[in-house]
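Visitor: The structure is given below, and queries will be raised subsequently.
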Amino acid sequence: MGELMLSPERMIIAMVIGIIFLVFMILKTKVHTFLALIIASLLIGAIGGFPAPNLIKAITDGFGGTLGSIGVIIGLGVMMGEIFEFSGAAKKMAYTFLKVLGKDKEEIALTITGFLVSIPIFCDSGFVILAPLAKALSRQSKKSMVGLGVALASGLVITHSLIPPTPGPIGAAGIFGANIGSLILWGILIAIPMSAACLVYAKYIGKKIYQIPTEDGEGWTRERSKAVADEILADFDENLLSAFSSFLPILVPIVLILLQNVTALVGVENETLKWIINFTGAPIVAVAVGVLLALFLLAKDAPRDEVAKMMEKGLASAGIIIFVTGGGGALGSVLRTSGVGEYIAKGIATTAIPPLFLPFIIATMMRLIQGSGTVAMLTAASITAPIMTSLGVNPTFATLSACIGSLFFSQFSDSFFWVVNRTMGISDAKEQIRIWSIPTTIAWAIGFVVLLIINGFFG
(Lines give C-alpha, C1' and ligand atoms only; values in the text may rest on other atoms or scores of the structure.)
Protein backbone atom coordinates (compact mmCIF):
# COMPACT_ATOMS: atom_id res chain seq x y z
CA MET A 1 0.00 0.00 0.00
CA GLY A 2 2.91 2.36 -0.55
CA GLU A 3 4.37 4.36 2.30
CA LEU A 4 1.21 4.23 4.40
CA MET A 5 1.09 0.40 4.66
CA LEU A 6 -2.65 0.42 5.39
CA SER A 7 -4.61 -2.80 5.79
CA PRO A 8 -6.61 -3.24 2.54
CA GLU A 9 -9.30 -5.28 4.28
CA ARG A 10 -9.74 -2.56 6.89
CA MET A 11 -9.89 0.13 4.19
CA ILE A 12 -12.60 -1.78 2.31
CA ILE A 13 -14.69 -1.85 5.48
CA ALA A 14 -13.98 1.84 6.06
CA MET A 15 -14.95 2.68 2.49
CA VAL A 16 -18.28 0.86 2.74
CA ILE A 17 -19.12 2.49 6.10
CA GLY A 18 -18.05 5.93 4.87
CA ILE A 19 -20.05 5.84 1.65
CA ILE A 20 -23.17 4.58 3.46
CA PHE A 21 -22.79 7.39 6.01
CA LEU A 22 -22.25 9.95 3.22
CA VAL A 23 -25.45 8.91 1.45
CA PHE A 24 -27.32 9.01 4.78
CA MET A 25 -26.09 12.53 5.55
CA ILE A 26 -27.05 13.83 2.13
CA LEU A 27 -30.45 12.14 2.02
CA LYS A 28 -31.65 12.26 5.61
CA THR A 29 -29.94 15.15 7.44
CA LYS A 30 -29.53 18.91 7.09
CA VAL A 31 -25.77 18.59 6.65
CA HIS A 32 -24.69 20.43 3.50
CA THR A 33 -23.25 18.31 0.70
CA PHE A 34 -19.82 19.92 0.96
CA LEU A 35 -19.60 19.27 4.70
CA ALA A 36 -20.93 15.73 4.22
CA LEU A 37 -18.15 14.98 1.72
CA ILE A 38 -15.45 16.26 4.08
CA ILE A 39 -16.91 14.34 7.06
CA ALA A 40 -17.11 11.14 4.99
CA SER A 41 -13.49 11.60 3.91
CA LEU A 42 -12.39 12.00 7.54
CA LEU A 43 -14.48 9.02 8.65
CA ILE A 44 -13.10 6.69 5.98
CA GLY A 45 -9.54 7.74 6.76
CA ALA A 46 -10.00 7.36 10.52
CA ILE A 47 -11.63 3.93 10.32
CA GLY A 48 -9.15 2.82 7.68
CA GLY A 49 -6.18 3.59 9.92
CA PHE A 50 -4.73 6.69 8.24
CA PRO A 51 -2.17 8.54 10.37
CA ALA A 52 -3.70 11.94 11.10
CA PRO A 53 -1.14 14.01 9.12
CA ASN A 54 -1.50 11.75 6.06
CA LEU A 55 -5.27 11.91 6.22
CA ILE A 56 -5.36 15.71 6.42
CA LYS A 57 -2.83 15.94 3.60
CA ALA A 58 -4.86 13.58 1.39
CA ILE A 59 -8.00 15.68 1.94
CA THR A 60 -6.33 19.04 1.36
CA ASP A 61 -4.37 17.75 -1.63
CA GLY A 62 -7.52 16.26 -3.14
CA PHE A 63 -9.50 19.45 -2.58
CA GLY A 64 -6.75 21.70 -3.90
CA GLY A 65 -5.73 19.40 -6.73
CA THR A 66 -9.27 19.16 -8.06
CA LEU A 67 -9.90 22.89 -7.87
CA GLY A 68 -6.43 23.61 -9.20
CA SER A 69 -7.44 22.02 -12.48
CA ILE A 70 -11.01 23.25 -12.88
CA GLY A 71 -11.79 25.78 -10.10
CA VAL A 72 -10.58 28.82 -12.02
CA ILE A 73 -12.32 27.59 -15.16
CA ILE A 74 -15.60 27.25 -13.25
CA GLY A 75 -15.30 30.82 -11.99
CA LEU A 76 -14.44 32.22 -15.42
CA GLY A 77 -17.15 30.19 -17.12
CA VAL A 78 -19.86 31.38 -14.76
CA MET A 79 -18.72 34.98 -15.25
CA MET A 80 -18.98 34.46 -19.00
CA GLY A 81 -22.47 33.08 -18.50
CA GLU A 82 -23.52 36.21 -16.63
CA ILE A 83 -22.32 38.33 -19.54
CA PHE A 84 -24.32 36.16 -21.96
CA GLU A 85 -27.43 36.65 -19.85
CA PHE A 86 -26.91 40.39 -19.32
CA SER A 87 -26.16 41.23 -22.95
CA GLY A 88 -28.78 39.06 -24.61
CA ALA A 89 -26.14 36.92 -26.33
CA ALA A 90 -27.49 33.76 -24.72
CA LYS A 91 -30.94 34.56 -26.05
CA LYS A 92 -29.47 35.17 -29.51
CA MET A 93 -27.78 31.76 -29.44
CA ALA A 94 -31.01 30.12 -28.34
CA TYR A 95 -32.97 31.77 -31.13
CA THR A 96 -30.32 30.81 -33.67
CA PHE A 97 -30.49 27.13 -32.73
CA LEU A 98 -34.26 27.13 -32.74
CA LYS A 99 -34.39 28.89 -36.11
CA VAL A 100 -32.01 26.43 -37.73
CA LEU A 101 -33.30 23.22 -36.14
CA GLY A 102 -36.94 23.92 -35.51
CA LYS A 103 -39.13 22.41 -32.83
CA ASP A 104 -37.98 19.56 -30.56
CA LYS A 105 -34.38 19.38 -31.79
CA GLU A 106 -32.66 21.09 -28.85
CA GLU A 107 -31.45 17.89 -27.18
CA ILE A 108 -30.00 16.61 -30.44
CA ALA A 109 -28.18 19.88 -31.03
CA LEU A 110 -26.65 19.86 -27.56
CA THR A 111 -25.62 16.20 -27.74
CA ILE A 112 -23.84 16.78 -31.04
CA THR A 113 -22.27 19.96 -29.70
CA GLY A 114 -20.95 18.16 -26.61
CA PHE A 115 -19.81 15.20 -28.70
CA LEU A 116 -17.60 17.44 -30.85
CA VAL A 117 -16.44 19.92 -28.24
CA SER A 118 -15.14 17.37 -25.72
CA ILE A 119 -12.82 15.65 -28.17
CA PRO A 120 -10.21 18.39 -27.67
CA ILE A 121 -11.12 19.70 -24.19
CA PHE A 122 -11.99 18.45 -20.71
CA CYS A 123 -15.69 17.72 -20.24
CA ASP A 124 -15.72 19.89 -17.08
CA SER A 125 -14.52 22.91 -19.07
CA GLY A 126 -16.84 22.16 -21.98
CA PHE A 127 -19.92 21.92 -19.76
CA VAL A 128 -19.14 25.16 -17.95
CA ILE A 129 -18.58 26.97 -21.25
CA LEU A 130 -21.74 25.63 -22.90
CA ALA A 131 -24.13 25.52 -19.92
CA PRO A 132 -25.33 29.12 -20.53
CA LEU A 133 -26.42 28.05 -24.01
CA ALA A 134 -28.43 25.12 -22.59
CA LYS A 135 -29.91 27.44 -19.97
CA ALA A 136 -30.99 29.96 -22.60
CA LEU A 137 -32.53 27.22 -24.72
CA SER A 138 -34.41 25.96 -21.67
CA ARG A 139 -35.82 29.37 -20.81
CA GLN A 140 -36.80 30.16 -24.38
CA SER A 141 -38.17 26.77 -25.46
CA LYS A 142 -39.65 25.93 -22.03
CA LYS A 143 -37.98 22.53 -22.15
CA SER A 144 -36.54 21.21 -18.91
CA MET A 145 -32.94 22.25 -18.24
CA VAL A 146 -32.48 18.75 -16.86
CA GLY A 147 -33.07 17.08 -20.23
CA LEU A 148 -30.99 19.64 -22.10
CA GLY A 149 -28.17 19.49 -19.55
CA VAL A 150 -28.04 15.68 -19.58
CA ALA A 151 -27.93 15.71 -23.39
CA LEU A 152 -25.03 18.17 -23.37
CA ALA A 153 -23.11 16.50 -20.54
CA SER A 154 -23.51 13.03 -22.07
CA GLY A 155 -22.06 14.09 -25.39
CA LEU A 156 -19.19 15.75 -23.54
CA VAL A 157 -18.26 12.92 -21.17
CA ILE A 158 -18.47 10.12 -23.74
CA THR A 159 -15.98 11.56 -26.23
CA HIS A 160 -13.84 12.90 -23.38
CA SER A 161 -13.53 9.34 -22.09
CA LEU A 162 -13.01 7.52 -25.40
CA ILE A 163 -11.36 9.73 -27.98
CA PRO A 164 -7.87 11.30 -27.99
CA PRO A 165 -6.40 13.85 -27.54
CA THR A 166 -7.91 14.02 -24.03
CA PRO A 167 -5.33 12.79 -21.45
CA GLY A 168 -7.07 9.60 -20.27
CA PRO A 169 -7.40 7.83 -23.62
CA ILE A 170 -3.96 9.07 -24.69
CA GLY A 171 -2.35 7.72 -21.51
CA ALA A 172 -4.17 4.40 -21.68
CA ALA A 173 -3.23 4.01 -25.36
CA GLY A 174 0.42 4.61 -24.49
CA ILE A 175 0.35 1.96 -21.76
CA PHE A 176 -1.33 -0.62 -24.00
CA GLY A 177 0.69 0.36 -27.06
CA ALA A 178 -2.42 1.17 -29.10
CA ASN A 179 -2.35 3.11 -32.37
CA ILE A 180 -3.81 6.59 -31.80
CA GLY A 181 -5.43 6.79 -35.23
CA SER A 182 -7.19 3.45 -34.75
CA LEU A 183 -8.28 4.50 -31.28
CA ILE A 184 -9.84 7.71 -32.61
CA LEU A 185 -11.73 5.91 -35.39
CA TRP A 186 -13.02 3.03 -33.25
CA GLY A 187 -13.70 5.42 -30.38
CA ILE A 188 -15.92 7.61 -32.55
CA LEU A 189 -17.76 4.57 -33.91
CA ILE A 190 -18.51 3.26 -30.41
CA ALA A 191 -19.32 6.72 -29.01
CA ILE A 192 -22.17 7.26 -31.50
CA PRO A 193 -24.56 4.57 -30.15
CA MET A 194 -23.54 5.49 -26.60
CA SER A 195 -24.53 9.12 -27.23
CA ALA A 196 -27.76 8.07 -28.96
CA ALA A 197 -28.80 5.98 -25.94
CA CYS A 198 -28.06 8.86 -23.56
CA LEU A 199 -30.03 11.22 -25.82
CA VAL A 200 -33.10 9.00 -25.43
CA TYR A 201 -32.63 9.03 -21.67
CA ALA A 202 -32.12 12.81 -21.65
CA LYS A 203 -35.52 13.32 -23.27
CA TYR A 204 -37.09 10.92 -20.78
CA ILE A 205 -35.59 12.44 -17.63
CA GLY A 206 -36.36 15.95 -18.88
CA LYS A 207 -40.05 15.05 -18.79
CA LYS A 208 -39.80 13.41 -15.37
CA ILE A 209 -37.83 16.23 -13.70
CA TYR A 210 -39.08 19.51 -15.14
CA GLN A 211 -36.98 22.51 -14.14
CA ILE A 212 -36.38 25.69 -16.12
CA PRO A 213 -34.61 28.99 -15.32
CA THR A 214 -36.75 31.81 -14.02
CA GLU A 215 -37.28 34.75 -16.34
CA ASP A 216 -34.80 36.90 -14.44
CA GLY A 217 -32.14 34.16 -14.64
CA GLU A 218 -31.63 34.27 -10.86
CA GLY A 219 -33.07 30.89 -9.96
CA TRP A 220 -35.14 27.91 -11.08
CA THR A 221 -38.81 27.04 -11.26
CA ARG A 222 -40.68 23.76 -11.67
CA GLU A 223 -43.88 25.40 -12.78
CA ARG A 224 -44.72 23.92 -16.15
CA SER A 225 -45.32 26.31 -19.04
CA LYS A 226 -45.84 25.70 -22.71
CA ALA A 227 -44.03 27.09 -25.72
CA VAL A 228 -43.26 25.94 -29.19
CA ALA A 229 -40.46 26.91 -31.49
CA ASP A 230 -42.77 28.70 -33.93
CA GLU A 231 -44.12 30.91 -31.14
CA ILE A 232 -40.62 31.68 -29.90
CA LEU A 233 -39.38 32.56 -33.36
CA ALA A 234 -42.40 34.80 -33.89
CA ASP A 235 -41.05 36.97 -31.07
CA PHE A 236 -37.52 36.93 -32.46
CA ASP A 237 -35.81 40.27 -31.98
CA GLU A 238 -33.62 40.94 -34.97
CA ASN A 239 -31.99 43.81 -33.08
CA LEU A 240 -30.22 41.44 -30.72
CA LEU A 241 -26.46 41.06 -30.99
CA SER A 242 -25.13 39.37 -34.12
CA ALA A 243 -24.74 35.60 -34.09
CA PHE A 244 -21.02 36.09 -34.76
CA SER A 245 -20.51 38.20 -31.63
CA SER A 246 -22.69 35.91 -29.55
CA PHE A 247 -20.93 32.66 -30.44
CA LEU A 248 -17.35 33.97 -30.69
CA PRO A 249 -16.59 34.00 -26.91
CA ILE A 250 -17.48 30.29 -26.81
CA LEU A 251 -15.83 29.26 -30.06
CA VAL A 252 -12.47 30.97 -29.50
CA PRO A 253 -11.57 29.06 -26.28
CA ILE A 254 -12.57 25.78 -27.93
CA VAL A 255 -10.43 26.50 -31.00
CA LEU A 256 -7.44 27.55 -28.86
CA ILE A 257 -7.60 24.39 -26.75
CA LEU A 258 -8.12 22.22 -29.84
CA LEU A 259 -5.12 23.84 -31.54
CA GLN A 260 -2.91 23.12 -28.52
CA ASN A 261 -3.94 19.45 -28.42
CA VAL A 262 -3.53 18.90 -32.16
CA THR A 263 -0.09 20.52 -32.29
CA ALA A 264 0.99 18.44 -29.28
CA LEU A 265 0.32 15.34 -31.36
CA VAL A 266 1.87 16.47 -34.65
CA GLY A 267 4.63 18.66 -33.18
CA VAL A 268 5.71 22.24 -33.93
CA GLU A 269 9.33 23.08 -34.78
CA ASN A 270 9.22 26.84 -34.20
CA GLU A 271 9.77 27.32 -30.46
CA THR A 272 8.12 30.75 -30.32
CA LEU A 273 5.00 29.51 -32.10
CA LYS A 274 4.96 26.41 -29.90
CA TRP A 275 5.07 28.56 -26.74
CA ILE A 276 2.24 30.79 -27.99
CA ILE A 277 0.05 27.80 -28.86
CA ASN A 278 0.74 26.06 -25.54
CA PHE A 279 0.09 29.25 -23.57
CA THR A 280 -3.11 30.35 -25.28
CA GLY A 281 -4.37 26.76 -25.46
CA ALA A 282 -4.14 26.19 -21.71
CA PRO A 283 -7.80 25.92 -20.56
CA ILE A 284 -7.48 28.71 -17.99
CA VAL A 285 -5.97 31.11 -20.53
CA ALA A 286 -8.37 30.09 -23.30
CA VAL A 287 -11.47 30.61 -21.15
CA ALA A 288 -10.06 33.90 -19.85
CA VAL A 289 -9.71 35.03 -23.48
CA GLY A 290 -13.35 34.07 -23.96
CA VAL A 291 -14.38 36.20 -20.98
CA LEU A 292 -12.43 39.18 -22.33
CA LEU A 293 -14.06 38.77 -25.75
CA ALA A 294 -17.46 38.63 -24.07
CA LEU A 295 -16.69 41.83 -22.17
CA PHE A 296 -15.52 43.76 -25.22
CA LEU A 297 -18.04 42.36 -27.72
CA LEU A 298 -21.14 41.82 -25.62
CA ALA A 299 -20.89 44.27 -22.71
CA LYS A 300 -19.07 47.13 -24.42
CA ASP A 301 -22.00 49.57 -24.01
CA ALA A 302 -22.85 48.64 -20.42
CA PRO A 303 -21.90 50.98 -17.54
CA ARG A 304 -18.75 49.95 -15.68
CA ASP A 305 -20.47 49.55 -12.29
CA GLU A 306 -23.15 47.29 -13.76
CA VAL A 307 -20.52 45.08 -15.36
CA ALA A 308 -18.64 44.85 -12.04
CA LYS A 309 -21.80 43.82 -10.17
CA MET A 310 -22.58 41.28 -12.86
CA MET A 311 -19.14 39.70 -12.57
CA GLU A 312 -19.39 39.57 -8.77
CA LYS A 313 -22.75 37.86 -9.03
CA GLY A 314 -21.20 35.27 -11.30
CA LEU A 315 -18.39 34.59 -8.84
CA ALA A 316 -20.87 34.27 -5.96
CA SER A 317 -22.95 31.70 -7.83
CA ALA A 318 -19.78 29.76 -8.71
CA GLY A 319 -18.81 29.42 -5.05
CA ILE A 320 -21.09 26.52 -4.16
CA ILE A 321 -20.14 24.62 -7.31
CA ILE A 322 -16.44 25.08 -6.55
CA PHE A 323 -16.69 23.96 -2.92
CA VAL A 324 -18.81 20.88 -3.58
CA THR A 325 -16.56 19.91 -6.50
CA GLY A 326 -13.52 20.24 -4.24
CA GLY A 327 -15.22 18.12 -1.59
CA GLY A 328 -15.69 15.35 -4.13
CA GLY A 329 -12.01 15.62 -4.98
CA ALA A 330 -11.08 15.28 -1.29
CA LEU A 331 -13.08 12.06 -0.95
CA GLY A 332 -11.53 10.62 -4.10
CA SER A 333 -8.05 11.52 -2.85
CA VAL A 334 -8.48 9.62 0.43
CA LEU A 335 -9.59 6.51 -1.46
CA ARG A 336 -6.75 6.80 -3.98
CA THR A 337 -4.10 7.39 -1.33
CA SER A 338 -5.23 4.36 0.68
CA GLY A 339 -4.51 2.02 -2.24
CA VAL A 340 -7.80 0.14 -1.74
CA GLY A 341 -8.68 0.50 -5.41
CA GLU A 342 -5.44 -1.07 -6.59
CA TYR A 343 -5.85 -3.89 -4.06
CA ILE A 344 -9.31 -4.80 -5.37
CA ALA A 345 -8.20 -4.40 -8.99
CA LYS A 346 -5.24 -6.75 -8.62
CA GLY A 347 -7.49 -9.36 -7.06
CA ILE A 348 -9.79 -9.24 -10.08
CA ALA A 349 -6.81 -9.55 -12.44
CA THR A 350 -5.92 -12.96 -10.95
CA THR A 351 -9.29 -14.52 -11.85
CA ALA A 352 -10.24 -16.52 -14.97
CA ILE A 353 -12.30 -13.70 -16.50
CA PRO A 354 -12.03 -13.35 -20.36
CA PRO A 355 -9.12 -10.97 -21.16
CA LEU A 356 -11.11 -8.08 -22.68
CA PHE A 357 -13.28 -7.98 -19.55
CA LEU A 358 -10.30 -7.31 -17.26
CA PRO A 359 -9.58 -3.65 -18.12
CA PHE A 360 -13.33 -2.99 -18.19
CA ILE A 361 -14.03 -4.52 -14.76
CA ILE A 362 -10.99 -2.97 -13.09
CA ALA A 363 -11.73 0.47 -14.53
CA THR A 364 -15.35 0.06 -13.40
CA MET A 365 -14.30 -0.77 -9.84
CA MET A 366 -11.76 2.05 -9.74
CA ARG A 367 -14.33 4.52 -11.05
CA LEU A 368 -16.87 3.49 -8.42
CA ILE A 369 -14.32 3.60 -5.62
CA GLN A 370 -12.50 6.88 -6.23
CA GLY A 371 -14.52 8.85 -8.80
CA SER A 372 -11.97 9.94 -11.39
CA GLY A 373 -12.52 8.41 -14.82
CA THR A 374 -8.99 9.26 -15.92
CA VAL A 375 -7.46 7.58 -12.87
CA ALA A 376 -9.74 4.57 -13.39
CA MET A 377 -8.74 3.94 -16.98
CA LEU A 378 -5.03 4.56 -16.38
CA THR A 379 -4.98 2.24 -13.35
CA ALA A 380 -6.79 -0.46 -15.30
CA ALA A 381 -4.33 -0.06 -18.16
CA SER A 382 -1.30 -0.23 -15.87
CA ILE A 383 -2.49 -3.42 -14.15
CA THR A 384 -3.74 -5.30 -17.21
CA ALA A 385 -1.36 -4.22 -20.01
CA PRO A 386 1.11 -7.10 -19.40
CA ILE A 387 -1.78 -9.59 -19.39
CA MET A 388 -3.31 -8.15 -22.58
CA THR A 389 0.04 -8.26 -24.36
CA SER A 390 0.78 -11.84 -23.39
CA LEU A 391 -2.68 -12.98 -24.49
CA GLY A 392 -2.54 -11.18 -27.84
CA VAL A 393 -5.54 -8.92 -27.23
CA ASN A 394 -5.93 -6.07 -29.74
CA PRO A 395 -4.35 -3.10 -27.89
CA THR A 396 -6.89 -0.64 -29.30
CA PHE A 397 -9.80 -2.69 -27.99
CA ALA A 398 -8.04 -3.20 -24.65
CA THR A 399 -7.66 0.58 -24.39
CA LEU A 400 -11.33 1.14 -25.22
CA SER A 401 -12.31 -1.51 -22.66
CA ALA A 402 -10.58 0.50 -19.92
CA CYS A 403 -11.97 3.79 -21.23
CA ILE A 404 -15.56 2.54 -21.33
CA GLY A 405 -15.25 1.02 -17.85
CA SER A 406 -14.25 4.44 -16.52
CA LEU A 407 -17.74 5.81 -17.27
CA PHE A 408 -19.58 3.62 -14.74
CA PHE A 409 -22.08 5.26 -12.34
CA SER A 410 -20.71 8.76 -11.81
CA GLN A 411 -21.42 9.63 -8.17
CA PHE A 412 -20.43 11.72 -5.16
CA SER A 413 -16.65 11.34 -5.51
CA ASP A 414 -16.68 12.42 -9.18
CA SER A 415 -16.13 16.15 -9.67
CA PHE A 416 -18.12 16.19 -12.93
CA PHE A 417 -21.14 14.78 -11.04
CA TRP A 418 -21.21 17.96 -9.00
CA VAL A 419 -20.42 20.30 -11.89
CA VAL A 420 -23.37 18.93 -13.89
CA ASN A 421 -25.92 18.80 -11.07
CA ARG A 422 -25.03 22.04 -9.34
CA THR A 423 -24.84 24.01 -12.59
CA MET A 424 -28.41 22.87 -13.30
CA GLY A 425 -29.55 23.82 -9.80
CA ILE A 426 -30.19 20.23 -8.64
CA SER A 427 -29.54 19.66 -4.93
CA ASP A 428 -31.68 16.60 -4.12
CA ALA A 429 -29.42 13.52 -3.98
CA LYS A 430 -32.01 11.13 -5.43
CA GLU A 431 -32.54 13.43 -8.38
CA GLN A 432 -28.79 13.91 -8.80
CA ILE A 433 -28.36 10.15 -9.18
CA ARG A 434 -31.22 9.88 -11.67
CA ILE A 435 -29.90 12.85 -13.63
CA TRP A 436 -26.24 11.89 -13.93
CA SER A 437 -25.38 8.49 -12.40
CA ILE A 438 -27.90 6.62 -14.57
CA PRO A 439 -26.96 8.08 -18.00
CA THR A 440 -23.26 7.43 -17.42
CA THR A 441 -24.14 3.83 -16.55
CA ILE A 442 -26.25 3.56 -19.73
CA ALA A 443 -23.27 4.79 -21.76
CA TRP A 444 -21.04 2.30 -19.91
CA ALA A 445 -23.29 -0.66 -20.70
CA ILE A 446 -24.03 0.24 -24.33
CA GLY A 447 -20.38 1.00 -25.01
CA PHE A 448 -19.10 -2.34 -23.75
CA VAL A 449 -21.74 -4.32 -25.64
CA VAL A 450 -20.78 -2.54 -28.87
CA LEU A 451 -17.08 -3.15 -28.11
CA LEU A 452 -17.71 -6.88 -27.62
CA ILE A 453 -19.54 -7.06 -30.94
CA ILE A 454 -16.73 -5.22 -32.75
CA ASN A 455 -14.09 -7.38 -31.05
CA GLY A 456 -15.98 -10.50 -32.19
CA PHE A 457 -15.54 -9.46 -35.81
CA PHE A 458 -12.22 -7.60 -35.79
CA GLY A 459 -10.43 -8.64 -32.59
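Visitor: Residue farthest toward the positive end of the dipole of the range 97-195, with Cβ of Lys/Arg at +1 and Asp/Glu at -1: which of Phe176, Gly126, Gln140?
Guide: Gln140
Visitor: Shifting gears a bit: Whole-Hz Karplus ³J(HN,Hα) for the range 23-39, in order, using 6.51 cos²θ - 1.76 cosθ + 1.60 and θ = phi - 60°, x for Gly and Pro?
Guide: 3J(HN,Hα) across the range 23-39, in whole Hz: 4, 4, 4, 6, 7, 10, 10, 8, 5, 5, 4, 4, 5, 4, 5, 5, 4.
Visitor: Given the rule -39500 (n - 2.57) for each run of at least 4 DSSP H residues, summed and divided by the residues of the chain, what is its mean residue ellipticity at 222 nm, to the nearest 500 deg cm²/dmol?
Guide: Per the formula, -25500 deg cm²/dmol.
Visitor: Could you size up the charge dipole of the range 101-197 around its Cα centre, putting +1 on the beta carbon of Lys and Arg and -1 on that of Asp and Glu, and report it in debye to the nearest 20?
Guide: So the dipole magnitude of the range 101-197 works out to roughly 340 debye.
Visitor: Ignoring ligands, DNA and RNA, what accessible area per residue does the chain give at 1.4 Å, in Å²?
Guide: 41 Å²
Visitor: Roughly how big is the chain's charge dipole about its Cα centre, with Cβ charges of +1 (Lys, Arg) and -1 (Asp, Glu), in debye to the nearest 20?
Guide: Dipole magnitude for the chain comes out near 860 debye.
Visitor: Relative contact order (percent) for the chain, with alpha-carbon contacts under 8 angstrom and 6 or more residues of separation?
Guide: Across the chain, relative contact order equals 23 percent.
Visitor: On the accessible surface of the chain, probed at 1.4 Å, how many percent belong to carbon and sulfur atoms?
Guide: So the carbon and sulfur contribution to the accessible surface is 67 percent.
Visitor: While we're on this one: Once R0 is set to 56 Å, what does the formula 1/(1 + (r/R0)^6) return for the Cβ-Cβ distance between Lys28 and Lys300, expressed as a FRET efficiency to the nearest 0.05?
Guide: That gives a FRET efficiency of 0.65.
Visitor: Residue by residue through the range 442-447, which ³J(HN,Hα) values in whole Hz follow from phi under the Karplus form 6.51 cos²θ - 1.76 cosθ + 1.60 (θ = phi - 60°), with glycine and proline marked x?
Guide: Result, ordered by residue: 4, 4, 4, 5, 4, x Hz.
Visitor: Taking the inverse of the average 1/r across all pairs of different Cα atoms in the range 407-459, what Kirkwood radius in Å do you get?
Guide: Taking every pair of different Cα atoms in the range 407-459, averaging 1/r and inverting gives 12.1 Å.
Visitor: Just report the Cα centroid separation between the range 1-79 and the range 366-390, whole Å.
Guide: A separation of 21 Å, based on Cα centres.
Visitor: Let me ask something else about it. With labels modelled as points extended 7 Å from the Cα through the Cβ direction, what inter-label distance (nm, one decimal) is found for Thr96 paired with Ile56?
Guide: Computed distance between label sites Thr96 and Ile56 equals 5.1 nm.
Visitor: What are the residues whose amide H is under 5 Å from the amide H of Thr221, where those residues sit 5 or more places off or on another chain and H is modelled from the backbone?
Guide: Here Ile212, Thr214 satisfy the definition.
Visitor: So how do 25-38, 360-373 stack up, highest first, on mean other-Cβ count within 10 Å?
Guide: Result, highest mean first: 360-373, 25-38.
Visitor: At 0.36 nm per residue, and after removing the present C-alpha to C-alpha distance, how many nm does the segment from Ser182 to Phe244 gain when stretched out fully?
Guide: 18.8 nm
Visitor: Sticking with this structure for a sec: Answer rounded, prolate or oblate for the range 6-57, using the Cα gyration tensor with square roots of eigenvalues a ≥ b ≥ c: rounded when a/c is under 1.5, else prolate when a/b is larger than b/c, else oblate.
Guide: Oblate is the answer for the range 6-57, as a/c is 1.5 or above yet b/c matches or exceeds a/b.
The values are calculated or read from the model by the stated rules, or taken from the named source; none is laboratory data. None of the values given here were measured: they were computed from a predicted structure. Heads up, the Cβs are rebuilt from the backbone with ideal geometry, glycines too, and the neighbour counts pull from every protein chain shown. Quick note on the areas: whole protein, heavy atoms, side chains included, nothing else; ligands and nucleic acids left out. Shrake-Rupley method; radii C 1.70, N 1.55, O 1.52, S 1.80 Å.
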